[in-house]
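Below: the structure, in structure tokens.
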Amino acid sequence: MQINYKFKDKFDFWFFVPIILLLSIGLIAIYSATFNNPIAENNFIRQLIWVGSGIIVFFVVYSIPTNTFKNIAWPAYIFTILLLIIVVVMGKRVSGAKSWLYVGSLGFQPSELAKISTILALSSFLSKKEIDIESFKDILLALAIGFTPIVLILLEPDMGTVLVFITIFLTIIFWKGISLFGLFIVLSPGVVAISSMFGTLPFIATLVIVAVILIFFKKGLIFSGSLFAINLAAGFFTDYVFRALSSHQQIRIKSFLNPMSDPLGSGYNSIQAKVAIGSGGLFGKGFLNGNQTQLNFIPEQWTDFIYCVIGEEFGFIGTVITLILFLWIFLKILKIASTTKNEFLSLTIIGILSLFFIHFMINIGMAIGIMPVIGITLPLVSYGGSSLLVNMALLGIVANVYRTRKNYT
């Protein structure tokens, strides 16, 4: 049976098929991860319901008028900021972070909704004709939009989600066309702060590099001096920020630097994850036959460490197939962002791509031991209702822009 050409032209099956395949891989992995775990025995059924609901959300978002996204950008942003304030005051604490709100028995994370609204609001602001991304005033306004949810999420605290928001912000302003010096202004305090965590020598070396770059750009003594002072302050106050984190997050960062320092405590997840993936070999141990998976050596293996289940039971082949499906989706999204001439839509799509990519990089990095364990899920694959619905809505936006792409090219 042939598909009507007009329908094929408006719906990219080669974008939708890998999404369905990843959802299916997730369901298989969640079933295996919870098979011998009485506490999570109902998670597979719940995820199956969320997957069905997510597909409905995808097609609803795909079908609405494209200009709706810009119209709802600011109301949605204000609404989610209010939700983030509420969750800081009266949210439920889970795994050390007060990040959940409950309506009856239904729980959700406002930070998930804030991902969509922040992308839309930042894209709406930067796509205005009068905005000059090289203007210090406009950079500050963009920072205010991007970092207001970040500050509120830090108060929960949820460092993993903070990293996602920072990546979204940096990617969008880069796509907007910020200069190298503008990007340096935004990035340098963070780089200095991170370097200070590794000791005095790396901190001083980074400050010297910052000073050399400021001299190279020749932006004036007062401006350059002020920017250097900001970088210096960022390094000195890193310790205060670190102390503000919850104890379990401090332990996770320390165990990332040296997992073997506490192999039965903070470094346990990282070590067991690498054992699980490494033991899978080329073809894996087979469905429901993974030792680490079925004996529950890895806590919460249906969420943050779902990739370990795939690696152990389906081996190198299974992990590579998963990677290829993600990369295929990323390339499809990048192509749409590159071809649309509507700046708001282009910025929105690139923001969506950055969100999925940073989740992808951090989650798999956690599983193979090159990233700290900071509670980041694998999109479309890990267990979780609110994150899955948000991810499907974001992909629905991408499909929607593809549907109407000829109106904006």
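Brief remarks on what is shown
- Options ILE55, ILE119, ILE78, ILE49: the member that is closer than 30 Å to TRP302 by Cα and surrounded by fewer than 13 Cβ atoms within 10 Å (Cβ to Cβ): ILE49
- Residue match in the stretch 111-122 (condition: at pLDDT below 90 and basic (Lys, Arg)): no
- Test set (1) under 20 Å from the mean Cα position of the chain (by Cα); (2) of a type outside the set (D, E, K, R); (3) assigned to a loop (DSSP other than H, G, I, E, B) - ILE133 fails condition number: (1)
- Those residues of the stretch 62-73 which are within 24 Å of the chain's Cα centre (by Cα) and farther than 16 Å from PHE344 by Cβ, in sequence order: TYR62
- One residue alone among VAL373, VAL398 is surrounded by 22 or more Cβ atoms within 10 Å (Cβ to Cβ), of a type in the set (A, V, I, L, M), out of contact with any Leu (no Cβ under 6 Å at 6 or more places or on another chain) and farther than 14 Å from SER123 by Cβ, and that residue is VAL373.
- Restricting ALA337, ALA367 to residues that are surrounded by 22 or more Cβ atoms within 10 Å (Cβ to Cβ) and out of contact with any strand residue (DSSP E or B) (no Cβ under 8 Å at 6 or more places or on another chain) narrows the list to ALA367.
- Any hit, the stretch 388-395, residues being surrounded by fewer than 22 Cβ atoms within 10 Å (Cβ to Cβ), small (Gly, Ala, Ser) and on the phi < 0 side of the Ramachandran plot: yes
- If the condition is being over 12 Å from LYS176 (Cα atoms) and either at pLDDT 85 or above or in contact with a Pro (Cβ under 9 Å, 6 or more places away or on another chain) (or both), then the stretch 123-137 contributes no residue at all.
- Selection from the stretch 340-355 of residues that are buried (at least 22 other Cβ atoms within 10 Å of the Cβ) and not hydroxyl-bearing (Ser, Thr, Tyr): LEU345, LEU347, ILE349, ILE350, GLY351, ILE352, LEU353, LEU355
- Given (1) surrounded by fewer than 18 Cβ atoms within 10 Å (Cβ to Cβ); (2) at pLDDT below 75; (3) small (Gly, Ala, Ser), index of the condition ALA97 fails: (1)
- Scan of the stretch 328-344 for residues that are part of a helix (DSSP H, G or I), over 19 Å from PHE16 (Cβ atoms) and either in contact (Cβ under 8 Å) with a residue 60 or more places away in the chain or touching a Pro at 6+ places or on another chain (Cβ under 6 Å) (or both), ordered by number: GLU343, PHE344
- Selection count, the stretch 300-324, where residues are part of a helix (DSSP H, G or I) and surrounded by 19 or more Cβ atoms within 10 Å (Cβ to Cβ): 13
- So GLY107, is it on the phi > 0 side of the Ramachandran plot and surrounded by fewer than 18 Cβ atoms within 10 Å (Cβ to Cβ): no
- Residues considered: SER226, SER195, SER179, SER188. Of these, the only one that is in contact (Cβ under 8 Å) with a residue 40 or more places away in the chain and exposed (fewer than 14 other Cβ atoms within 10 Å of the Cβ) is SER179.
- Test: SER386 is in a helix (DSSP H, G or I), farther than 21 Å from SER279 by Cα, modelled with pLDDT under 90 and not aromatic (Phe, Trp, Tyr): yes
- A single entry from ILE376, ILE370 fulfils the requirement of being over 18 Å from ILE116 (Cβ atoms) and in a loop (DSSP other than H, G, I, E, B): ILE370.
- Hits in the stretch 311-329 - residues which are among the aromatic types (Phe, Trp, Tyr) and modelled with pLDDT of 95 or more: PHE326, TRP328
The values are calculated or read from the model by the stated rules, or taken from the named source; none is laboratory data. Being a predicted model, the structure only gives us computed values, none of them experimental. Ideal geometry is used to build each Cβ from the backbone, glycine not excepted, and the neighbour counts take in all protein chains shown.
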